Amino acid sequence: QVQLVESGGDLVQPGGSLRLSCAASGSIFRIYFMSWYRQAPGKQRELVASIDSDGSTNYADAAKGRFAISRDGAKNTAYLQMNTLKPEDTAVYYCHANIETNDGTYSSWGQGTQVTVSS
């Protein structure tokens, strides 16, 4: 009943910046928690950053100081600003959210957006 759609992935050079968006749609009453994960080829999916409904954020060590997560409650959208990108950041980035709907609370995943950092 809910859908998350990521956008903003692209091919960028090392040191560049990228801003990812995650838009939630459907019968949404409340979004409690939104996160960004990433999965590189041959590697396990890992948490990059998260933000709670009160604005509290959490970052993986690899993202601290370079990435910033934010959210726009009016648009039900989360963002991930990525700066000083490195080749190691290359991965499919997935949005995740805990969303209360008219028939329950769900853990929802987007389909992912590709980020490639290469010269």
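Exactly one condition in (1) touching a strand residue (DSSP E or B) at 6+ places or on another chain (Cβ under 9 Å); (2) under 24 Å from V2 (Cα atoms) is false for N83; which is it?
The number of the failed condition is (2).
Do you know which residues across region 6-16 are more than 19 Å from S50 (Cα to Cα) and part of a loop (DSSP other than H, G, I, E, B)? It would help to see each step written out before you state the result.
Restricting attention to region 6-16, the residues satisfying the condition of being more than 19 Å from S50 (Cα to Cα) are 10-16.
Passing the criteria: D10, Q13, P14, G15, G16.
In region 72-103, what residues are of a type outside the set (S, T, Y), touching a residue at least 40 places away in the same chain (Cβ under 8 Å) and assigned to a strand (DSSP E or B)?
Matches in region 72-103: A78, L80, Q81, M82, A91, V92, C95, H96, A97, N98, I99, E100.
Look at region 5-53 and say how many of its residues are touching a residue at least 40 places away in the same chain (Cβ under 8 Å), among the aliphatic types (A, V, I, L, M) and either open to solvent by 60 Å² or more (accessible area, probe 1.4 Å) or closer than 18 Å to M82 by Cβ (or both).
9
Condition check: closer than 18 Å to V117 by Cβ, open to solvent by less than 60 Å² (accessible area, probe 1.4 Å) and of a type outside the set (D, E). Does Y79 satisfy that?
Working: closer than 18 Å to V117 by Cβ: no; open to solvent by less than 60 Å² (accessible area, probe 1.4 Å): yes; of a type outside the set (D, E): yes.
No, not satisfied.
Would you pick out the residues in region 104-119 that are in a loop (DSSP other than H, G, I, E, B), open to solvent by 50 Å² or more (accessible area, probe 1.4 Å) and closer than 25 Å to G73 by Cα?
From region 104-119, those in a loop (DSSP other than H, G, I, E, B) are 110-112, 118-119; that's our starting set.
So of that shortlist, the ones also open to solvent by 50 Å² or more (accessible area, probe 1.4 Å) come out as 111, 118-119.
Q111, the sole residue that qualifies.
The values are calculated or read from the model by the stated rules, or taken from the named source; none is laboratory data. As the structure is a prediction and not an experimental result, all values here were calculated from the model. Please note: Cβ atoms are built from the backbone with ideal geometry, for glycine as well, and neighbour counts cover all protein chains shown. For accessibility, only protein heavy atoms count, side chains too; no ligands or nucleic acids. Shrake-Rupley method; radii C 1.70, N 1.55, O 1.52, S 1.80 Å.
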